[in-house]
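Where a number appears in this text, it was derived from the coordinates with a stated rule and is not lab data. None of these values were measured; they are calculated from a predicted model. When we count neighbours, we look across all protein chains shown, and the Cβ atoms used for this are built from the backbone with ideal geometry, even at glycine.
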């Protein structure tokens with residue numbers, strides 16, 4: 001397994017776990033409240049910050065465990081990264097469009113912020129899935 005593939009696994013798992021923890025916190029805080037009334041800003045920022053820190057730590061651990069592979073990339077790795085980025089960015093665009101429509105409809109900030117957050121999570125997860133599929137099943141650079 002290449003260095004980039006290991007980092008892709010870390011990125012995907014961290015995104016999913018971070019989103020799950022954020023969702024669990026929102027559900028726990030919503031007892032007896034409408035979901036839009038829950039204080040979401042601090043948990044969201046903590047989830048984003050925690051994901052960044054966890055990814056940095058995961059990258060450092062992978063680099064420490066296999067220093068000879070750290071940072072080694074070939075053309076295939078770069079093409080797979082590009083492919084995964086394109087897949088992931090499509091979810092960011094969809095999320096931005098949904099957030100823009102919600103803004104135009106004057107939806108509550110809660111929904112707009114959470115659509116944007118969800119689009120970042122979807123981008124990370126589906127971009128990672130595309131990369132991992134390319135690593136596992138092969139990749140054709142068209």
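Below are the figures for this structure:
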{"quantity": "Degrees separating the helix 3-29 axis from the principal Cα axis of the chain, which is the longest one", "calculated": "10 degrees"}
{"quantity": "Three-way shape label, region 82-142, alpha-carbon gyration tensor, a/c 1.5", "calculated": "prolate"}
{"quantity": "Between helix 109-137 and the chain: long-axis angle, C-alpha atoms, 0 to 90°, nearest 10", "calculated": "20 degrees"}
{"quantity": "Computed over region 7-142: relative contact order in percent, which uses C-alpha pairs under 8 Å that are six or more apart", "calculated": "34 percent"}
{"quantity": "Correct option for Cα Rg over 2.2 N^0.38 Å [calculated from the coordinates] among (i) 1.11; (ii) 1.21; (iii) 1.60", "calculated": "(ii)"}
{"quantity": "Pairwise FRET efficiency - residue 90 versus residue 1, Cβ, R0 = 25 Å, nearest 0.05", "calculated": "0.45"}
{"quantity": "222 nm mean residue ellipticity, helices alone, for the chain (DSSP H n ≥ 4; -39,500 (n - 2.57); rounded to 500)", "calculated": "-28000 deg cm²/dmol"}
{"quantity": "Angle in degrees between helix 75-104 and the longest Cα principal axis of the chain, rounded to the nearest 10", "calculated": "10 degrees"}
